[in-house]
1. Within segment 21-42, is there a residue that is farther than 25 Å from V115 by Cα, of a type in the set (G, A, S), touching a strand residue (DSSP E or B) at 6+ places or on another chain (Cβ under 7 Å) and in contact (Cβ under 8 Å) with a residue 12 or more places away in the chain?
2. Restricting attention to segment 9-22, report how many residues are under 14 Å from A75 (Cβ atoms) and either part of a strand (DSSP E or B) or within 22 Å of the chain's Cα centre (by Cα) (or both).
3. For segment 89-179, please list each of the strands (runs of 3 or more DSSP E) lying entirely inside it that holds at least 1 residues being free of Cβ contacts under 8 Å to residues at least 40 places away in the same chain and within 26 Å of L69 (Cβ to Cβ).
4. All but one of (1) touching a residue at least 24 places away in the same chain (Cβ under 8 Å); (2) more than 27 Å from K160 (Cβ to Cβ) hold for V53; state the number of the condition that does not hold.
5. When you check K30 against the structure, is it outside the structural domain of Q128 (by TED's automatic domain parsing), modelled with pLDDT under 95 and under 30 Å from Q128 (Cα atoms), yes or no?
6. Residues A35, A60: which one is over 30 Å from K171 (Cβ atoms) and at pLDDT 90 or above?
7. Given the residues I50, I87, I112, which is the only one that is among the β-branched types (V, I, T), surrounded by 17 or more Cβ atoms within 10 Å (Cβ to Cβ) and not assigned by TED's automatic domain parsing to the domain that holds Q20?
8. Does V74 satisfy being in contact (Cβ under 8 Å) with a residue 12 or more places away in the chain and under 20 Å from the mean Cα position of the chain (by Cα)?
Amino acid sequence: MSRIGKKPIVLPKGVKYTVQGNTVMVEGPKGKVSALLPTGISLEEKDGHIHAVRQNDSQAPVHGLARALVFNAVAGVTEGWKKELDIVGIGYRAELKGKNTVVFTLGYSHPIEVVLPAGIAVTIDAKQTHLIVTGIDRQKVGQVSADIRSLRKPDPYKNKGIRYSDEKLKKKAGKTGTK
C-alpha cells in the first residue's frame, strides 16, 4: 500500500471538488484548479477528508501520485503556492512592465521580456533583485520559476545569475598559477 496514497486530504471549509471522468475540479476561495486522476483511482469523502482509493493493486504505482495531485490542488485554492528567486550580479535586475510582463537585464546585449501566463503573478522587491512567483497551480508556478531561472543559470565560478532563494550552490575554484 502506498504510504502517501493512504494519507487523507483535509477538505477545508469553502473548498468543493467535482470529479468528471478522470479530471478533478477543485474550487476554493482563491479560484479553480483542475487535476488529472489516473485511471483506476477514485476519490471518496469521509468526515471532511478526501481519500484516494484504488481499484486493485495494478494502480499501486500511481496511487500516491493521484493523492499528491489532488492535495496540491486543494492547497493551491486555499493558500496558494510561491517560489522565491534571487538575481545575483552587478547590473542584473528585473522590473515589471504592466501586469503580466517582466523585463530582465541580465548582462546580455538586450533586455529579456517574459510574458506571464494567466493565473501567475510576480512581485519584485525595491532592490529589483528578489522575485516572488505566486499562483494557485503548483505546476505552473514551478514551470514559470524554472523558465525564469533558465534565462541566466548561476555561474559555477562567480555564482552570478538567477537562483532559487533556498538553493545552495557550490563555487568552483578557478585556475591556479602554473608554478
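The values are calculated or read from the model by the stated rules, or taken from the named source; none is laboratory data. If you're wondering where the values come from, they're calculated on a predicted model, not measured in any experiment. No Cβ is skipped: glycine too gets one built from the backbone with ideal geometry, and neighbour counts run over all protein chains shown.
1. Yes, the conditions are met somewhere in segment 21-42.
2. 6
3. Once the strands (runs of 3 or more DSSP E) in segment 89-179 are filtered for at least 1 residues that are free of Cβ contacts under 8 Å to residues at least 40 places away in the same chain and within 26 Å of L69 (Cβ to Cβ), what remains is 120-124.
4. Of the numbered conditions (1) touching a residue at least 24 places away in the same chain (Cβ under 8 Å); (2) more than 27 Å from K160 (Cβ to Cβ), the odd one out for V53 is (1).
5. Considered against the rule, which asks whether it is outside the structural domain of Q128 (by TED's automatic domain parsing), modelled with pLDDT under 95 and under 30 Å from Q128 (Cα atoms), K30 comes out as yes.
6. A35
7. I87
8. yes
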